[in-house]
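Asks: Take a look at the following structure, please.
The values are calculated or read from the model by the stated rules, or taken from the named source; none is laboratory data. Nothing here was measured: the structure is a model prediction, and the numbers come from that model. Cβ coordinates were reconstructed from backbone atoms using ideal geometry, including for glycine residues, and neighbour counts include every protein chain displayed. Just the protein is used for accessible areas: all its heavy atoms, side chains included, with ligands, DNA and RNA removed. Shrake-Rupley method; radii C 1.70, N 1.55, O 1.52, S 1.80 Å.
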Amino acid sequence: MTTVDDRAALVETFATFPRRLAAAAKTRVAEWRPFPDGEWGPNETVRHLIAVEDEVWRVRLARLKKEDDPHWTWTEPGLAPGLDEASLLELLTIFARRRARTVTTVRALDDAAWARYGTHETYGRLDVAGLLRLAIDHDESHAASLSAG
């Protein structure tokens, strides 16, 4: 059972990620280190995170709210379409706005909604806190990839 304090900490970590992402991405650009073949640079990483926000986290939260025990498959979106010419600043702004929408949805959940769960084919049974932990882990792994190298 996730306590209200635990929920608040999860939501805060989830909500503030766009700032940490922006710092990591801007540092990587400022250091101008080449990216190994096959690795994403900051723009591609942010485009991927935009796609994940739209296609994974918001969709799963919506299904959790509407369905009893929704079942989710592994989903790993590529790059958000239509943003090939966007600057890093534009991409970071888009991501921050999309994440803010997701955070608004999460903050509006009552106790009953936090107790609902779905089943992921890889991770098993997940409630809202479990989804947020997955999102946070995914976020942080991409931020770390920008810091590596």
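Asks: In segment 37-62, which residue that is among the charged types (D, E, K, R) and open to solvent by less than 20 Å² (accessible area, probe 1.4 Å) is nearest to His138 (Cα to Cα)?
Replies: Glu53
Asks: When segment 114-139 is examined, which residues are found to be closer than 17 Å to Ala15 by Cβ and in contact (Cβ under 8 Å) with a residue 40 or more places away in the chain?
Replies: Trp114, Val128, Ala129, Leu131, Leu132, Arg133, Ala135, Ile136, His138, Asp139
Asks: With the checklist (1) over 15 Å from Glu140 (Cβ atoms); (2) modelled with pLDDT under 95; (3) of a type outside the set (Lys, Arg); (4) buried (at least 18 other Cβ atoms within 10 Å of the Cβ) in hand, flag the one item Pro34 doesn't pass.
Replies: Tallying (1) over 15 Å from Glu140 (Cβ atoms); (2) modelled with pLDDT under 95; (3) of a type outside the set (Lys, Arg); (4) buried (at least 18 other Cβ atoms within 10 Å of the Cβ), Pro34 fails exactly one: (4).
Asks: Do we have Val46 as of a type in the set (Val, Ile, Thr) and over 26 Å from Ala8 (Cβ atoms) here?
Replies: Answer is yes for this residue.
Asks: Which of the residues spanning segment 130-149 are loosely packed, with under 11 Cβ neighbours inside 10 Å and at pLDDT 95 or above?
Replies: Asp137
Asks: Restrict the check to segment 112-129 and report whether at least one residue is within 30 Å of Thr3 (Cβ to Cβ), within 15 Å of the chain's Cα centre (by Cα) and open to solvent by 20 Å² or more (accessible area, probe 1.4 Å).
Replies: No: segment 112-129 contains no residue that is within 30 Å of Thr3 (Cβ to Cβ), within 15 Å of the chain's Cα centre (by Cα) and open to solvent by 20 Å² or more (accessible area, probe 1.4 Å).
Asks: Checking Lys65 against (1) over 28 Å from Asp6 (Cα atoms); (2) over 17 Å from the mean Cα position of the chain (by Cα); (3) open to solvent by 80 Å² or more (accessible area, probe 1.4 Å); (4) not aliphatic (A, V, I, L, M), which single condition isn't satisfied?
Replies: The single condition Lys65 does not satisfy is (1).
Each row is one residue, and each column tells you yes or no for (1) touching a helix residue (DSSP H, G or I) at 6+ places or on another chain (Cβ under 7 Å); (2) within 20 Å of Leu126 (Cα to Cα).
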| position | (1), (2) |
| --- | --- |
| Glu53 | yes, yes |
| Lys66 | no, yes |
| Gly78 | yes, no |
| Asp84 | no, no |
| Leu88 | yes, no |
| Thr93 | no, no |
| Thr102 | yes, yes |
| Ala108 | no, yes |
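Asks: Another one. Step by step: first the residues of segment 68-103, then only those that are among the hydroxyl-bearing types (Ser, Thr, Tyr) and closer than 27 Å to Glu39 by Cα, then the one that is most open to solvent (accessible area, probe 1.4 Å). Which residue is that?
Replies: Across segment 68-103, the extreme among qualifying residues is Thr73.
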